[in-house]
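The values are calculated or read from the model by the stated rules, or taken from the named source; none is laboratory data. Given the structure is predicted, the values throughout are model-derived calculations rather than measurements. Cβ coordinates were reconstructed from backbone atoms using ideal geometry, including for glycine residues, and neighbour counts include every protein chain displayed. Quick note on the areas: whole protein, heavy atoms, side chains included, nothing else; ligands and nucleic acids left out. Shrake-Rupley method; radii C 1.70, N 1.55, O 1.52, S 1.80 Å.
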Amino acid sequence: MIERPSRLQRIFVPGALWRMPSEGVGNKCVWLTFDDGPVPEVTPFVLSLLAERGIKATFFMVGDNVRRNPGLFDRIRAEGHSWGNHTMHHLKGLGCSTPDYLADVAEAHALIGSPLFRPPHGLLRRSQAHALAMTHRMVMYDLVTRDYSRRLTSAHVVANVRRYARPGSIIVFHDSVKAFPRLREALPASIDWLISQGYEFRTIPMQL
């Protein structure tokens, strides 16, 4: 239910992108995504690793982190990655009104300027989802690695990738301080395993 969203969960965000079609881009492709950055403690590590492996990814960024770390935002763009909006203050959609949520997204959009959007925690009200569908492409996920969980080890995170990755998977890691104790070992190990299995890596297209 957490690592791979159920069909029931997908119903609550109609029209969202949960998994990419693999036709036309090879039979074994995955889409790496990173949430919650950019932060100086973690994002440079991720970018350097991706550059070393020759991989492009998609970063869903918190507007306030972009405001505080504009150089990292510039680096993400300069190195050929795609990027999206993850609200200004990492808001939980279920915990605030639709007008307040949309205002927070708009504030982040002024800094991030992307049509891609992913709600923090993957949760938002249907009214919020319908309103955002008019201006953004909602990108969810097919595999949550759970690198943020202090209950897991790096080995558990890699095991989640090995168990749930499949052609077309949109995979979520986190370039956050909270996730870094697991990410620093799990991310390179996961990437190397995916490569060994013949997977190629793609970015989410930045268009509606």
> How many residues are part of a helix (DSSP H, G or I), buried (at least 22 other Cβ atoms within 10 Å of the Cβ) and in contact with a Lys or Arg (Cβ under 9 Å, 6 or more places away or on another chain) if we restrict to region 161-190?
Replying inline: 2
>> Can you find a residue that is aliphatic (A, V, I, L, M) and open to solvent by 70 Å² or more (accessible area, probe 1.4 Å) anywhere in region 52-64?
In response: no
> Which of the residues that make up region 112-127 are of a type outside the set (Gly, Ala, Ser) and either open to solvent by less than 20 Å² (accessible area, probe 1.4 Å) or within 18 Å of the chain's Cα centre (by Cα) (or both)?
Replying inline: Ile112, Pro115, Leu116, Phe117, Arg118, Pro119, Pro120, His121, Leu123, Leu124
> So Leu94 fits all but one of (1) farther than 14 Å from Thr33 by Cβ; (2) open to solvent by less than 10 Å² (accessible area, probe 1.4 Å); (3) part of a helix (DSSP H, G or I); what number is the exception?
Replying inline: (2)
> Which one of the conditions (1) among the basic types (Lys, Arg); (2) in contact with a Leu (Cβ under 8 Å, 6 or more places away or on another chain); (3) free of Cβ contacts under 8 Å to residues at least 60 places away in the same chain does Arg151 fail to meet, given that it meets all the rest?
Replying inline: (2)
> Given His86, His109, which one is on the phi < 0 side of the Ramachandran plot and in contact with a Lys or Arg (Cβ under 6 Å, 6 or more places away or on another chain)?
Replying inline: His86
> From Val105, Val144, which residue is buried (at least 16 other Cβ atoms within 10 Å of the Cβ), farther than 25 Å from Arg75 by Cβ and either touching a Pro at 6+ places or on another chain (Cβ under 9 Å) or free of Cβ contacts under 8 Å to residues at least 40 places away in the same chain (or both)?
Replying inline: Val144
> Given (1) more than 13 Å from Asp175 (Cα to Cα); (2) outside any helix (DSSP H, G or I); (3) within 18 Å of the chain's Cα centre (by Cα), where does Val105 come up short, assuming only one miss?
Replying inline: (2)
> What number goes with the only condition from (1) modelled with pLDDT under 95; (2) farther than 21 Å from Pro205 by Cβ that Ala133 does not pass?
Replying inline: (2)
> If you scan region 27-51, which residues turn out to be open to solvent by 40 Å² or more (accessible area, probe 1.4 Å) and in contact with a strand residue (DSSP E or B) (Cβ under 8 Å, 6 or more places away or on another chain)?
Replying inline: Lys28
>> Contact list please: Cβ distance under 8 Å, first residue in region 53-69 and touching a residue at least 60 places away in the same chain (Cβ under 8 Å), second residue hydroxyl-bearing (Ser, Thr, Tyr) and open to solvent by 30 Å² or more (accessible area, probe 1.4 Å), pairs at least six apart or on different chains.
In response: Lys56/Thr203; Ala57/Thr203; Thr58/Thr203
